[in-house]
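Take a look at the structure below.
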Amino acid sequence: MKEFFKSKKFIVIACVAAFLIGVMIYAAVSSSNAISSAIGRALSPFQRFSNSISGKVSETIDMLINARDYYEENQKLKDELAGLYAEISDYTQLKQENEHLREMIDLASSNEGIELSEPCAVIGRTANDVYGSFFIDKGEKDGVEYYDPVVTQNGLVGYVTEVQYTYSKVTTVLSNELSLGVYCVRTGETGVIEGSYTLAVDKKIRMDYIPLECELKTGDILITSGYSGTVPKGIVVGTVDDTYIAGNGLSRSGNVTPAIDPGELKTVFVITDFDGKGSVYEEE
């Protein structure tokens with residue numbers, strides 16, 4: 001700041017200011033209104049320039065004098081903003097928890113006799129897996145076991161195929177390892193859903209062993225039959241796309257769109273227990 005007051009720029013500004021002050025004094029004491037008016041018009045541009053320079057100098061001086069106050073006010077505003085961000089984050093988390101709780105209640109009420117895990121976050125996906133398998137943040141310590149069904153409010157996702165202490169791997173309904181009994185809500189006709197690599201590319205699964213004279217139509221909803229004892233009865237699996245005569249000529253098969261797209265999942269639930277769990281195997 002000291003260099004500014006010693007600079008040529010400051011000297012010029014000071015001279016112009018002194019000149020303007022002198023002219024204004026002369027105009028004030030002059031008895032001729034005409035002369036005063038003429039001088040005022042002539043000096044109008046200089047006055048505007050002077051006012052502009054004066055305003056900028058005043059702002060600079062104000063900033064230097066009140067810098068500490070401005071700094072403290074800025075810090076206070078930053079703290080208030082951080083508090084607002086924290087409140088928004090807490091609200092978002094609470095909203096998500098309420099949504100998850102609502103999903104759990106809906107699932108439990110629509111499927112009596114099932115026990116659900118806490119909401120499980122999807123924490124990773126298997127690279128280059130056309131079947132869409134993924135990992136969740138719940139494991140042995142949370143009561144998750146091998147072959148426990150995995151669901152959302154909208155339907156069946158798959159089942160647990162690997163369990164560690166703090167996480168698990170989920171294989172989806174698209175997998176060719178899954179075979180599950182289902183039936184149509186509208187017609188009651190039964191079949192078995194299976195995955196395949198070819199269909200998984202298009203996010204589809206296949207339904208086999210459909211009666212030859214079936215009444216299935218596009219859009220019919222398929223739910224689990226519960227016969228195997230691995231998945232509770234009544235979980236939505238998907239909807240029928242079409243049917244065709246199977247290769248053996250004795251039954252029909254059909255393409256099915258799963259109720260769940262594994263690639264879009266962020267949160268799921270594990271069914272840790274349900275009525276009839278493992279009943280088929282126990283009988284054997």
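Of the residues making up region 115-156, just one is free of Cβ contacts under 8 Å to residues at least 60 places away in the same chain, of a type in the set (V, I, T) and assigned to a loop (DSSP other than H, G, I, E, B), namely T126.
Do we have G195 as surrounded by fewer than 14 Cβ atoms within 10 Å (Cβ to Cβ) and either over 20 Å from L265 (Cβ atoms) or not charged (D, E, K, R) (or both) here? Judged against the criteria, G195 is not a match. Within region 210-242, being at pLDDT below 95, of a type in the set (S, T, Y) and part of a strand (DSSP E or B) holds for one residue alone: T224.
Is there a residue in region 183-201 that is closer than 18 Å to L156 by Cα, in a strand (DSSP E or B), of a type outside the set (S, T, Y) and in contact with a Pro (Cβ under 7 Å, 6 or more places away or on another chain)? Within region 183-201, not a single residue is closer than 18 Å to L156 by Cα, in a strand (DSSP E or B), of a type outside the set (S, T, Y) and in contact with a Pro (Cβ under 7 Å, 6 or more places away or on another chain). Yes or no: region 157-167 includes at least one residue that is touching a helix residue (DSSP H, G or I) at 6+ places or on another chain (Cβ under 7 Å), assigned by TED's automatic domain parsing to the domain that holds A246, of a type in the set (F, W, Y) and without any contact (Cβ under 8 Å) to a residue 40 or more places away in the chain. Within region 157-167 (the criterion being touching a helix residue (DSSP H, G or I) at 6+ places or on another chain (Cβ under 7 Å), assigned by TED's automatic domain parsing to the domain that holds A246, of a type in the set (F, W, Y) and without any contact (Cβ under 8 Å) to a residue 40 or more places away in the chain), the answer is yes, since at least one residue qualifies. Screening A127 on (1) crowded, with 24+ Cβ neighbours inside 10 Å; (2) modelled with pLDDT under 95 shows it passes everything except condition (1). Taking the criterion of being part of a strand (DSSP E or B) and surrounded by fewer than 16 Cβ atoms within 10 Å (Cβ to Cβ), the residues of region 243-256 that qualify are Y244, I245.
With respect to the conditions (1) part of a loop (DSSP other than H, G, I, E, B); (2) in contact with a Lys or Arg (Cβ under 9 Å, 6 or more places away or on another chain), E162 falls short on a single one, namely (1).
Do we have V185 as crowded, with 17+ Cβ neighbours inside 10 Å and not hydroxyl-bearing (S, T, Y) here? It is false that V185 is crowded, with 17+ Cβ neighbours inside 10 Å and not hydroxyl-bearing (S, T, Y). Would region 269-278 turn up any residue that is surrounded by fewer than 22 Cβ atoms within 10 Å (Cβ to Cβ), within 22 Å of T218 (Cα to Cα) and either at pLDDT below 95 or small (G, A, S) (or both)? Looking for residues that are surrounded by fewer than 22 Cβ atoms within 10 Å (Cβ to Cβ), within 22 Å of T218 (Cα to Cα) and either at pLDDT below 95 or small (G, A, S) (or both), one finds none in region 269-278, hence no. Taking first residues from region 178-204 that are without any contact (Cβ under 8 Å) to a residue 24 or more places away in the chain and not assigned by TED's automatic domain parsing to the domain that holds V150 and partners that are surrounded by fewer than 20 Cβ atoms within 10 Å (Cβ to Cβ) and polar (S, T, N, Q), no Cβ contact under 7 Å between residues at least 6 apart in sequence or on separate chains turns up. If we scan region 149-162, do we find a residue that is small (G, A, S) and more than 24 Å from A121 (Cα to Cα)? No, region 149-162 has no match at all.
The values are calculated or read from the model by the stated rules, or taken from the named source; none is laboratory data. This structure is a prediction, so every number in the text was calculated from the model and none was measured. Here the Cβ is made from the backbone with ideal geometry for all residues, glycine too, and neighbour counts use every protein chain on show.
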